[in-house]
Every structure is written in C-alpha cells, then in structure tokens.
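Encoded as structure tokens, the structure appears first; notes follow it.
Any read-out appearing in this document is the output of simple, stated calculations on the displayed coordinates, not a laboratory observation. Bear in mind that the values here come from a model prediction, so they are computed numbers and not experimental data. Methodologically, a virtual Cβ is constructed for each residue, glycine included, from the backbone with ideal geometry; neighbour enumeration extends over all protein chains shown.
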Amino acid sequence: MITLDYVFYSLIALVALNIVLIGLLFKLRNRFKLFLSGSKGKNWEEVLNSQVAEIKRLGFRTEDLEKRQKTLAAIAEKSSQKIGLVRYNPFREIGGNQSFSLAVLDNSDNGFVLSALFATERSRVYIKPVKSGKSPSTLTEEERQAIAEAQKTKVPRL
C-alpha cells in the first residue's frame with residue numbers, strides 16, 4: 001500500500017529533478033546562444049548560410065571551368081604542337097646549310113612540311129600535307145627526317 005509519506009517524498013524528488021533539469025536546460029540554451037552568436041554582429045546561422053551559398057556558387061563555377069577546359073583540350077588537340085626542323089645543303093658543290101625542311105604537326109601527327117631550297121641564283125619553297133605522319137606527296141629524305149623529329153615531341157593529353 002502506498003503511504004502518504006512515500007507520495008510526498010516522491011513529489012519532492014520529482015520537483016528537485018525538475019529544478020535540476022530546468023537548470024541544465026538554461027545552461028544548454030545559453031551555450032546554444034553563445035554558439036549561434038558570432039563576432040561583428042553575425043551569428044553562426046548567417047555565417048553557415050553564406051558559406052552554403054558560396055559553396056553552391058563555386059560548384060557552378062567549377063562546372064563552367066570544366067566545360068571550358070574540355071573545349072580548350074579539343075582546340076589544343078588540333079593546334080600545332082610538334083615541330084621538327086632539318087637544315088641541309090642540297091647542292092654539295094656550293095653554299096652552306098641554308099636550305100631547310102620544317103614539319104609542323106598537331107597531336108595526331110596531321111599538319112604540313114615546308115621545304116625551302118636556297119641556291120645562289122634562285123630559291124624554291126614547297127609545302128606538302130601530312131596526315132597521320134604520312135604525306136600523299138613524295139617526300140625527300142630531309143622532309144621525312146623533319147617529320148620524324150616532330151613526332152619525337154611528347155605532348156601530354158589534356
């Protein structure tokens with residue numbers, strides 16, 4: 001059977017427990033207020049919201065930069081990246097190494113080879129297409145050397 005003393009002591013214990021819990025609640029509330037209030041008039045909630053907005057903005061910027069990088073990589077693949085030069089004397093009896101063959105290739109070995117022959121009385125310039133390191137035109141030994149020299153260039157893929 002429950003006695004009146006038992007109910008009274010239980011009630012006092014519950015009141016004491018409530019006082020302790022209210023004290024802990026106020027202490028926790030004060031800590032939470034301190035956490036959410038920052039310096040310079042901003043609270044942490046405003047700071048966190050601005051940081052989330054900044055992260056979203058940077059995410060969009062990153063996507064834009066990735067698209068631009070892919071576009072630039074596609075352009076770079078087609079641009080002249082490899083150059084080979086061979087100087088020579090086609091006329092053994094006269095002059096020095098004034099003539100040359102210049103190969104200019106992209107990353108897929110497409111481009112052209114330009115040859116210039118210089119003699120005392122005249123000069124000639126020839127240009128021949130190059131596709132995958134080969135030309136449909138007949139190449140001289142110097143032109144083949146210039147293409148081989150250009151193909152030695154190692155260009156990193158983007």
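May I ask you to list the chymotrypsin sites (Phe, Trp or Tyr not before Pro) in segment 71-119 that are in a DSSP loop and have at most 13 other Cβ atoms within 10 Å of their Cβ? The partial results should precede the final answer.
Working: sites: Tyr88, Phe91, Phe100, Phe112, Phe118; in loops: Phe91.
Filter output for segment 71-119: Phe91.
At R0 = 25 Å, how high is the FRET efficiency between Phe112 and Gln69 if r is their beta carbon distance? Nearest 0.05 is fine.
In this case the efficiency is close to 0.35.
If you average the sequence gap of Cα pairs under 8 Å that are 6 or more apart and divide by the length of segment 54-158, what percent do you get for the contact order?
26 percent
So if I restrict to the alpha-carbon atoms in segment 80-151, what is the Rg, and what is Dmax, the biggest pairwise distance, in Å?
Rg, Dmax (Cα atoms, Å): 12.2, 39.
Give the longest segment of the chain that steers clear of GluC sites (Glu not before Pro) in DSSP loops with at most 13 neighbouring Cβ atoms within 10 Å, not counting the sites themselves.
With a cap of 13 other Cβ atoms within 10 Å, the longest stretch comes to 1-92.
Dividing the alpha-carbon Rg of the chain by 2.2 N^0.38 Å yields what?
2.69
Take the residue pairs Lys128/Lys154; Lys56/Lys82; Lys67/Lys128 and return only those whose Cα atoms are more than 30 Å apart.
Distance filter (> 30 Å) returns Lys56/Lys82; Lys67/Lys128.
Explain nothing, just the number: dipole magnitude of segment 80-151 about its Cα centre with +1 on each Lys and Arg Cβ and -1 on each Asp and Glu Cβ, in debye rounded to the nearest 20.
In total the dipole reaches around 120 debye.
How large is the helix-only mean residue ellipticity at 222 nm for the chain, computed as the sum of -39500 (n - 2.57) over DSSP H runs with n ≥ 4, divided by its residue count, in deg cm²/dmol to the nearest 500?
When only DSSP H runs of four or more count, the value is -18000 deg cm²/dmol.
Check each of the trypsin sites (Lys or Arg not before Pro) in segment 63-99 and keep only those in coil by DSSP with at most 13 other C-beta atoms within 10 angstrom; list them in order.
Here the trypsin sites (Lys or Arg not before Pro) that fit, given the DSSP loop and packing criteria, are Arg92.
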